[in-house]
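Here the structure is laid out as structure tokens; the discussion comes afterwards.
Bear in mind these aren't lab numbers, they're just calculated from the coordinates by the rules spelled out. Because the structure is predicted, anything quoted here is derived from the model rather than measured. Glycine also receives a Cβ, built like all others from the backbone with ideal geometry; neighbour counts cover every protein chain displayed.
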Amino acid sequence: MGYQPINLQDKFQKFSDHWSPRVIAELNDYQFKLAKFEGEFVWHSHADTDEAFFVVEGDLRIELRDGQVRLGAGEMFVVPRGVEHRPVAETECKVLMIEPRDVVNTGEAGGDKTAENDVWI
């Protein structure tokens, strides 16, 4: 078996659509997903899991019903399970997310920004 590092910049070059996470690795039952954000996402929550956002490039605002968190490149934030949130990126932002396999990106909110799950690049 050949062992190879995963280069995030190479992976980001393989897709251009926004709000459609791509899986790059798994660790036990957790997936590492890359996504490009731009504009406002939908308000949603994940009842059964926390969700980690690590900004690789750009700026991200995570709105919460009782506040907000602003992240720049190299910063991360974990949204606790059950907490309603909405990611917002004024300009394109590249993000690494860590969450359990099979988590739907829009939680129970659904809608046209619901991405296909388990798409690998």
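Below, the figures for the structure above:
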quantity: Bins of 10 Å, starting at 0 and running to the largest distance - Cα pair percent for the range 14-109; calculated: 17, 55, 27, 1
quantity: Sparse-neighbourhood loop sites, trypsin sites (Lys or Arg not before Pro) in the range 36-93 - DSSP loop, at most 13 other Cβ within 10 angstrom; calculated: Arg65, Arg81
quantity: For the range 79-91, Karplus couplings with θ = phi - 60° (6.51, -1.76, 1.60), whole Hz, Gly/Pro x; calculated: 7, x, 3, x, 8, 6, 8, 8, x, 9, 10, 5, 10
quantity: Per DSSP, loop GluC sites (Glu not before Pro) in the range 1-84 with at most 16 further Cβ within 10 Å; calculated: Glu75, Glu84
quantity: Amide hydrogen neighbours beyond the local backbone of Thr49, cut-off 5 Å, H modeled; calculated: Gly82
quantity: Hz values of 3J(HN,Hα) by residue in the range 38-50 - Karplus curve (6.51, -1.76, 1.60), Gly and Pro given as x; calculated: 7, x, 9, 8, 8, 5, 7, 9, 10, 4, 10, 8, 6
quantity: Relative contact order %, the chain, counting alpha carbon pairs below 8 Å whose residues are six or more apart; calculated: 32 percent
quantity: Residues of type aspartates and glutamates that Lys11 reaches as a straight line, Cα spacing below 17 Å, ignoring anything fewer than 8 places off in the same chain; calculated: Glu26, Glu57, Glu92, Asp118
